[in-house]
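Can you read through this structure? Questions will come right after.
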Amino acid sequence: MDLISKCFQENDSAFLEQLKAAGFSTDQARRFLPASESYFLDFTQDKGVEQITQQLVSDSPAQFLNSVNADAIAKKLGMDSDLVKKGLAAIVPLLAQTFSRKSEGLIGAVTSIAPGLVKRFS
């Protein structure tokens, strides 16, 4: 989903700072971000914008984090599982906030053109 990738691109430096504050080195953070983006892309593949927003924003981010296989990500990256959990906990709030803002804009745009489309094709 392009929206997830855009969230990661736009927040790259903020994510990097959050990860450093969580105990990551710059190198670890640079390896972690693409892996976590890939995980989020896989996680959201079969879900709609509203469902993703609900899981990241409306539901507790802790519930989402509990569903993540941090051990698999850690093994893939050669990192400690606890560090991966800290990294995800550090970036999920900002990701949720950005995704929510972007999805609201997308839903608003679709809602604003929907009446015209219905009228045009009815």
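What are the ³J(HN,Hα) values, in whole Hz, obtained from phi via the Karplus relation 6.51 cos²θ - 1.76 cosθ + 1.60 with θ = phi - 60°, for each residue of region 11-17 in sequence order, with x given for Gly and Pro?
With the stated coefficients, region 11-17 comes to 10, 3, 5, 5, 4, 4, 5 Hz.
Related question: Ala35 versus Asp2, label points 7 Å from Cα toward the beta carbon: distance in nm?
Once both label points are built, they end up 2.9 nm from each other.
Report the FRET efficiency, 1/(1 + (r/R0)^6), for Ala72 and Asp46, where r is their Cβ-Cβ distance and R0 is 25 Å, rounded to 0.05.
0.85
Read phi for every residue in region 86-95 and hand back ³J(HN,Hα) as whole Hz from Karplus 6.51 cos²θ - 1.76 cosθ + 1.60, θ = phi - 60°, with x for Gly and Pro.
Working through the residues one at a time gives 5, x, 5, 4, 6, 9, 4, x, 5, 4 Hz.
Right, another one. Sort Ser5, Ser36 by accessible area with a 1.4 Å probe, largest first.
Ser5, Ser36
Points 7 angstrom from Cα along the Cβ direction at Ser25 and Gln63: gap in nanometres?
My value for the distance between the label points is 3.8 nm.
By average Cβ neighbour count within 10 Å, what is the ranking of 85-93, 7-15 from highest down?
My ranking of the peptides, most packed first, is 85-93, 7-15.
The values are calculated or read from the model by the stated rules, or taken from the named source; none is laboratory data. In this text the structure is predicted, and so the values were computed from the model without any measurement. Don't worry about glycine lacking a Cβ; one is built from the backbone with ideal geometry, like all the others, and counts go over all protein chains shown. For accessibility, only protein heavy atoms count, side chains too; no ligands or nucleic acids. Shrake-Rupley method; radii C 1.70, N 1.55, O 1.52, S 1.80 Å.
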